[in-house]
Amino acid sequence: MFSIIQAAGWPIWPLIACSVLALAIIIERFISLKTSKVAPNRLLEEVLGVIRTGVPGPDVITQLERNSALGEVLASGLRAVNADPRCSEDDLRATMEGAGRVVTQRLEHYLSALATIASAAPLMGLFGTVVGMIEIFGSQAPGGATGGNPAQLAHGISIALYNTAFGLIVAIPSLIFWRYFRGRVDAYLLTLELAAEHLVRHLKSLRK
C-alpha cells in the first residue's frame, strides 16, 4: 500500500485526507441517523395515549425531549400548551416548526461536507493527473532528442493513473452514501412533520 502511495506522488495525500474524513462522516451519520435516535417506532402513539388524560407535566416533557428528535419536536408542542393552555393552533404549529428546523439542521449535519468531498475528489484526482502529465513532459530531453528519462516518464505515468483512480475511489462511495443519507433524512423529516400535525389535531380535539 505504501509503495502505491509513493508511486502516486504527493498529490495523493489530499485525497487520502478526504477519504479518511469521508469515512469518519459516514460512520458518524450511520450512528446518528439510527431510527431509535430520530423517530422511534410507536413513540407518537405512546404520547397520544399519555395526553388523553391531559397534558403531562414538565418532567415528563423533558424526558420526552431527550428521547429522540421526534420526541424533541413533540415536546416543544406540549411545552407550549403547558405554558399557555389557550395557545392558538397557529402558534402551536409555529413552535413545533421552530423545533423542527433545529432538528433538521442536526440531521443534515456533515452531509454538505460529504457532498463536497464527492464533488471535489475527482477534481483532485484530475489535478494529480495534470501533475503526472507535467512529469511526463519533463522527462523528455530538451531540443526534441529521443529517449529522455525513462524513470521520470514512468513516475509521471504512475502519478497520473493512481491519482485518477484514487479520486474516483473516494468520490463514488461518498456520492452513494450522500444520496443514501439525504434520502434517509428526507424520510425522517416527513415522519416528523406528519407526527407534529397529528399531535396538533389531537390537542385540538381535546380542547373541544
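A few notes on this one:
- In this entry, G128 passes the filter for residues that are in contact with a Ser or Thr (Cβ under 8 Å, 6 or more places away or on another chain) and either in contact (Cβ under 8 Å) with a residue 40 or more places away in the chain or within 30 Å of I16 (Cβ to Cβ) (or both).
- Check on E65, touching a helix residue (DSSP H, G or I) at 6+ places or on another chain (Cβ under 7 Å), at pLDDT 90 or above and over 18 Å from E197 (Cβ atoms): yes
- Once the range 61-74 is narrowed to residues that are of a type in the set (A, V, I, L, M, F, W, C) and farther than 19 Å from S32 by Cβ, the residue that is surrounded by the fewest Cβ atoms within 10 Å (Cβ to Cβ) is I61.
- Pairs with Cβ under 8 Å, 6+ apart, first in the range 41-54 and more than 19 Å from E193 (Cβ to Cβ), second at pLDDT 85 or above and of a type in the set (V, I, T): V50/V60
- In the range 86-103, of all residues being closer than 11 Å to L203 by Cβ and in contact (Cβ under 8 Å) with a residue 12 or more places away in the chain, the one that is surrounded by the most Cβ atoms within 10 Å (Cβ to Cβ) corresponds to M96.
- Out of R93, R79, sole residue that is in contact with a Gly (Cβ under 9 Å, 6 or more places away or on another chain) and not in a loop (DSSP other than H, G, I, E, B): R93
- Long-range neighbours under 7 Å by Cβ, at least six apart or interchain, first residue touching a residue at least 60 places away in the same chain (Cβ under 8 Å) and under 23 Å from L192 (Cβ atoms) within the range 18-39, second of a type outside the set (D, E, K, R) and not in a helix (DSSP H, G or I): I25/Y110; E28/Y110; R29/Y110; V38/S68; A39/S68
- M124 passes every criterion in (1) more than 30 Å from Y188 (Cα to Cα); (2) of a type outside the set (G, A, S); (3) at pLDDT below 90; (4) surrounded by 15 or more Cβ atoms within 10 Å (Cβ to Cβ) apart from (3).
- Given (1) over 15 Å from L189 (Cβ atoms); (2) in a helix (DSSP H, G or I), index of the condition C87 fails: (2)
The values are calculated or read from the model by the stated rules, or taken from the named source; none is laboratory data. Computed from a prediction, not measured in an experiment: that's the story for all the values here. Counting neighbours? That spans all protein chains shown, and the Cβs are built from the backbone with ideal geometry, glycine included.
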